[in-house]
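The structure appears below as structure tokens.
Derivation of every value follows stated rules applied to the coordinates shown; laboratory data play no part. Note that the structure is a prediction, hence the values are computed from the model and not measured. Heads up, the Cβs are rebuilt from the backbone with ideal geometry, glycines too, and the neighbour counts pull from every protein chain shown.
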Amino acid sequence: MPVIKDAVCSLCGSLCDDITVTVEDNKITKIENACILGHSKFVGMFEHDRIETPMIRKDGELVPVSYEEAIEAAAKILVNSKRTLSYGWCSTSCEAISGAIKLAEETGSLIDSTANVCHGPSALAAQEKGSPSASLGVIKNRADVIVFWGCNPVHAHPRHMSRYSSFSKGLFTEKGRKARTMTVIDVRKTDTAKLADKYVEIEQGSDLLLVTALRSIVNGHEDVVPETIAGVPKAEIIELAETLKNGKFVCIFFGMGVTQSRSKYKNGDAMASLISDLNQHTKAVMIGMRGHYNVTGFGQVATWETGFPMAIDFAKGYPYYNPGETGANDLLVREEPDAAIIAAADAGAHFPQKAVRHLARIPVIQIDPYANPTTELADVVIPSAIVGIEAEGTAYRMDAISLHMKKLIDSKFKTDEEIVKDLTVKVRELKRGA
Amino acid sequence: MKIKANLISGRTANQGAHLEAKTHKGYFDACAYCELNSADLEKLGASEGDSLKVTTEFGEVVVFAKANGGNPDGLAFIPMGPWANAVLSPDTHGCGMPGFKGVPAEIEVTDEKPLDMKSLMKKYLED
């Protein structure tokens, strides 16, 4: 039986590339090295609710059709739409993303990624102040001071700490966890916080205050910091500032606690300034804990093809970008789109009610291997092969390192790349006909 | 009895393990609950597994009660997913990102039961 080594796990942004997969009769029967999330994705695929056939909604019910019929129905929706939202494209390959951007340009759509509800504000922060970063390999080999700020890798990136950060053993960190100071800053004592040397509990939504206080202290102005700030006593903040300054190599990993809380992108913006301040004393970097395994890849591909990392509007015939105006949620809340194509992501589950309410009113095309809340709202459903399991392709890890995902088993389903290509051809055909 | 809480959402390992199995009951179990600390649950007179109605200016949702000693007083956590999104803020403050954390909420015990995923989504089609 074939045993495939060093398969890449296509679940979270850690993109673990050391998975051993045993395949028997074109089925994955054993997985080694994966976490609970990865294991569920690799092995669970035979138990989960796959979309078994393309479908079109008729009289309120989704009924099976052929790929050709589904592609044609989807292309008609796109051609008849004056304002299409194309959203998602993050649990798929860079090759499919490139095709999706081409389709968005062809149809004058607005295309956005899951960064809209994730690390979008981090992209804005990087545009404001830069993004002093490093590869996870550098963190593994060098970082002796690690901070997890508003993120909970025990749950969201379960192997991050053993492969790349707190527990990993590297060139200059051969003692592993003992060689590193681990601090967690959060609003509640998470399972990650329980593993930390130091847990700093802040008042929800006061991240910007704490970053600002830390900056004041690092820059020698601790006299301006009040006795308590962000719910944290000044003495504790001074201690944290000392830990950061005295580290040989500092990495602040940050998550949704930073990007989704009050001040949003200004939190990341201020954090980049703090990293810059710390670099007057030592070496410091920051890395966003990316969720979807290839949301980083969307940012890369979109940037080299359009100049912008997300929220790109092709309505004027050229790429236009102004998040807050062209973000997927802003668009839906303004009830602007008259059609949507949602692929390799689940807006039905992960957008707030007002945005979902509008999605329920307009024609929705879904491209996904699995049935999910978006399927409940979709009018045309096109099933796809699972990238990293049934299709190969490129993905970018959270530190923007590209990795090749292998095809492990055969599939009867078309790949996202093929579906997007077919759709583009059909759209052009219909437009010529018109 | 109602309590006022600050509502946040976020990932959990169980929610993540059901990312590609959202039609399964395991996903419902992993996402349709609200965590409060024991003192807050006591104020409500609720035990784990009781139904709680969470109301914000954006909507209401019924979820199960769960205890989490890591939550400070007045902090409520619902795993990310359609139940949390029934009540979180769609306002992006002009920067693209909705308000998934820090939404003022009122929480009370109810006799209603949480809706399963399909029933919850069906409500959007009926609106």
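Structure data summary
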| read-out | value |
| --- | --- |
| Long-range HN-HN contacts of B:Tyr33 with modeled amide H, under 5 Å | B:Phe64 |
| Segment A:Glu222-A:Thr282, length gained on full extension (0.36 nm per residue, minus Cα span) | 19.7 nm |
| Shielding by partners - mean other protein chain Cβ count within 10 Å, residues of A:353-362 | 5 |
| Cα-based Lys proximity count in the stretch A:120-288, under 14 Å, for pairs eight or more positions apart or on separate chains | 10 |
| Residue-by-residue Karplus 3J(HN,Hα) for the stretch A:151-158, coefficients 6.51, -1.76, 1.60, Hz, glycine and proline x | 9, 9, x, 3, 9, 8, 9, x |
| Reachable lysines from B:Lys122, criterion Cα separation under 23 angstrom, eight or more residues apart if same chain | A:Lys58, A:Lys354, B:Lys22, B:Lys25, B:Lys53, B:Lys113 |
| Other-chain or far-sequence residues with amide H under 5 Å of B:Gly102's (modelled H) | B:Leu7, B:Ile8, B:Ser9 |
| Value at 222 nm in deg cm²/dmol, rounded to 500, when DSSP H runs of n ≥ 4 in chain B each add -39,500 (n - 2.57) | -6500 deg cm²/dmol |
| In the stretch A:61-95, the trypsin sites (Lys or Arg not before Pro) that fall in loop regions by DSSP, at most 12 other Cβ within 10 Å | A:Lys82 |
| Label-point separation, A:Glu106 to A:Leu171 (7 Å along Cα→Cβ), nm | 4.6 |
| C-alpha center-to-center spacing [the stretch A:312-369, the stretch B:55-127] in angstrom | 21 |
| Antiparallel bridge percentage (DSSP; both residues within the stretch B:2-126; nearest 5) | 70 |
| Per-residue HN-Hα couplings for the stretch B:109-126 [Karplus 6.51, -1.76, 1.60; θ = phi - 60°; Hz; x = Gly/Pro] | 6, 9, 8, 5, 9, x, 7, 6, 4, 5, 5, 4, 5, 4, 4, 5, 6, 7 |
| Theoretical ellipticity at 222 nm over chain A - DSSP helices of four or more residues, -39500 (n - 2.57) apiece, nearest 500 | -10500 deg cm²/dmol |
| Net charge over other residues, Cβ less than 12 angstrom from the Cβ of B:Leu75 (K, R count +1; D, E count -1) | -2 |
| Longest DSSP-loop-exposure-free segment, chymotrypsin sites (Phe, Trp or Tyr not before Pro), chain A, at most 14 other Cβ within 10 Å | A:173-434 |
| Relative contact order [Cα under 8 Å, 6+ residues apart], chain A, whole percent | 25 |
| Qualifying trypsin sites (Lys or Arg not before Pro) for the stretch A:283-342 [loop in DSSP, other Cβ within 10 Å: at most 13] | A:Lys316, A:Arg334 |
| In sequence order, calculated HN-Hα J values of the stretch A:328-336 (Karplus, 6.51, -1.76, 1.60; Hz; x Gly/Pro) | 4, 5, 4, 4, 5, 5, 7, 6, 8 |
| Residue-span extension gain [A:Ser66 to A:Ala179] - 0.36 nm each, minus C-alpha spacing | 34.9 nm |
| Space enclosed by the convex hull of the alpha-carbon atoms of the protein assembly as shown, per residue, Å³ | 139 |
